[in-house]
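Report on the following structure.
The values are calculated or read from the model by the stated rules, or taken from the named source; none is laboratory data. Because the structure is predicted, anything quoted here is derived from the model rather than measured. Every residue, glycine among them, receives a Cβ derived from its backbone with ideal geometry; neighbour counts consider all protein chains shown. Just the protein is used for accessible areas: all its heavy atoms, side chains included, with ligands, DNA and RNA removed. Shrake-Rupley method; radii C 1.70, N 1.55, O 1.52, S 1.80 Å.
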Amino acid sequence: MTDDVLFLSGQQVTRLLDVDTAIASQRAAFTALGSGTADRPAKIMHPSRFDDSVVFAYVSRLSADSGAVAKFGSVNPGNAAAGLPTVHAVVSVLDPVTGRLSAVMDGTAVTTLRTAAASAVAVDALATPDSTDLAVLGSGVQALAHVRAVARVRDLKSVRLWSPAPEHRARAARTLAAELDLAVEAADSAESAVTGATLVATCTLSATPVLRGRWLAPGCTVVSVGSFEPTRREVDPEVLRRSAAVVVDDPVAAAAHAGPVVDALAAGVLAESDLVGLGAVLTGRATARTGPGDIVHYNSVGLGIQDAAAAWAAVRAAQEERR
C-alpha cells in the first residue's frame with residue numbers, strides 16, 4: 001500500500017508550500033467556500049477532560065479533481081513555553097477517483113502555513129491599500145508566519161511585535177528583521193504595539209483579551225486566529241462593537257466556536273446574520289469595508305477546506321518536482 005504513497009515531512013511541506021503558493025491555495029479555498037462548490041462536513045473540536053489540550057479532526061474536499069483530505073491533531077497550549085508549535089497534526093490525502101491513500105504529510109506545517117496564508121487573503125480583501133504598519137500580538141510560530149504572509153500582500157513599512165515574555169518577542173523581532181529586511185520592533189506593551197497600527201494580528205491562545213478595542217485607530221483591520229473555541233477570546237467586546245463588519249471564515253463555525261463572537265451573540269451585540277463570510281467577500285456576495293475609516297475584524301477558527309487546498313497544493317508541487 002505504501003509503495004506509491006507520498007510521504008512529506010514538515011520540512012518538505014514548508015519547502016513545497018512557499019508563502020505565495022500557500023496564499024493562492026487559501027484564496028482558492030475561500031472562493032470555493034463562497035461559491036458553495038466544496039464538500040465540507042462539520043469539524044470535530046473536543047477539549048480534553050485531562051488537561052488543557054484540544055483534539056480536532058477535519059474532513060473536506062475542495063474540488064472534483066482533488067480528493068478528500070483529513071486532518072487529525074491536537075492543540076497543546078503548554079508547548080509554547082518549550083518553544084514548540086502548539087498545534088501538531090497529520091494530514092491524509094485520498095485519490096479523487098479511487099479514494100486510495102495518495103499522500104500523508106506533516107499537519108503542523110500545513111496548519112501553520114495555511115492559517116497565516118488565509119490571514120493574508122483576509123488582509124488583502126479587507127484592509128485599505130495603504131495599510132503598511134503591522135502590529136502582532138504573539139511571538140510564536142504563528143506570529144512569525146503571519147508577518148511573512150502579510151508582507152506578501154502589503155508593502156509593510158514597519159512591524160511592532162509584543163508578547164508577555166521579553167526574550168521571546170526580542171528574538172522574534174530580530175529573526176523577522178533579518179529575514180524580511182523590515183523595521184521590526186519588540187514593543188514594551190500590547191497597547192504600544194497596537195496604537196496607530198493600520199493592521200493588527202493576534203496570534204495567541206489567550207483565554208482573556210490581549211487586544212482592547214479602544215486602542216484601534218480608524219481604518220484598522222484586525223485579524224485574530226487564536227479564538228478558535230468558546231473559551232478563548234483574544235479580543236475584548238469593544239473590538240467587535242467598534243467594527244463596521246465582523247468577517248469570519250464561516251458564520252456557522254464562528255457562531256459555535258469563536259469565543260468573542262459567541263459572547264457578542266449572547267449579549268445581543270451581534271446577530272448571526274451580521275457575520276460576513278470571507279468567501280462571500282471574495283466572490284462579491286457580500287461587502288465588508290464601506291470606507292477607509294471603517295474598523296474591520298476578521299476572526300478565524302480554521303476550516304478543513306483550508307487544509308484540503310493547502311495539502312493538494314503541496315502534493316501537486318511534489319509531483320511537479322518528480323517530473
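Miscellaneous remarks
- In region 113-128, the qualifying residues are those that are open to solvent by 10 Å² or more (accessible area, probe 1.4 Å) and either among the β-branched types (Val, Ile, Thr) or free of Cβ contacts under 8 Å to residues at least 12 places away in the same chain (or both), and the one that is nearest to Phe228 (Cα to Cα) is Thr115.
- Leading residue by the ranking (farthest from Ala245 (Cα to Cα)) among those in region 184-214 that are over 21 Å from the mean Cα position of the chain (by Cα), open to solvent by 40 Å² or more (accessible area, probe 1.4 Å) and not charged (D, E, K, R): Ser189
- Residue count, region 215-232 (criterion: open to solvent by 10 Å² or more (accessible area, probe 1.4 Å), at pLDDT 95 or above and under 17 Å from the mean Cα position of the chain (by Cα)): 1
- Within region 159-183, tally of residues that are crowded, with 23+ Cβ neighbours inside 10 Å and β-branched (Val, Ile, Thr): 1
- Within region 180-206, being in a loop (DSSP other than H, G, I, E, B), without any contact (Cβ under 8 Å) to a residue 60 or more places away in the chain and either touching an Asp or Glu at 6+ places or on another chain (Cβ under 9 Å) or charged (D, E, K, R) (or both) holds for Asp181, Asp188, Ser206.
The rows are residues; the columns are (1) of a type outside the set (A, V, I, L, M, F, W, C); (2) at pLDDT 95 or above.
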position: Phe30; (1), (2): no, yes
position: Val69; (1), (2): no, yes
position: Ala89; (1), (2): no, no
position: Val93; (1), (2): no, yes
position: Asp106; (1), (2): yes, yes
position: Ala118; (1), (2): no, yes
position: Val121; (1), (2): no, yes
position: Ala127; (1), (2): no, yes
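- Region 267-312 - residue that is of a type in the set (S, T, N, Q) and outside any helix (DSSP H, G or I) and, of those, nearest to Leu101 (Cα to Cα): Ser300
- Just one of the listed residues (Ser63, Ser53, Ser25, Ser9) is among the hydroxyl-bearing types (Ser, Thr, Tyr), over 24 Å from Val141 (Cα atoms) and in contact (Cβ under 8 Å) with a residue 24 or more places away in the chain, namely Ser63.
- The residue list Val141, Val110 contains one member that is free of Cβ contacts under 8 Å to residues at least 60 places away in the same chain and under 13 Å from the mean Cα position of the chain (by Cα), which is Val141.
- In region 258-279, the residues that are among the charged types (D, E, K, R) form no Cβ pair under 6 Å with any partner that is modelled with pLDDT under 95 and crowded, with 19+ Cβ neighbours inside 10 Å, whether six or more places apart or across chains.
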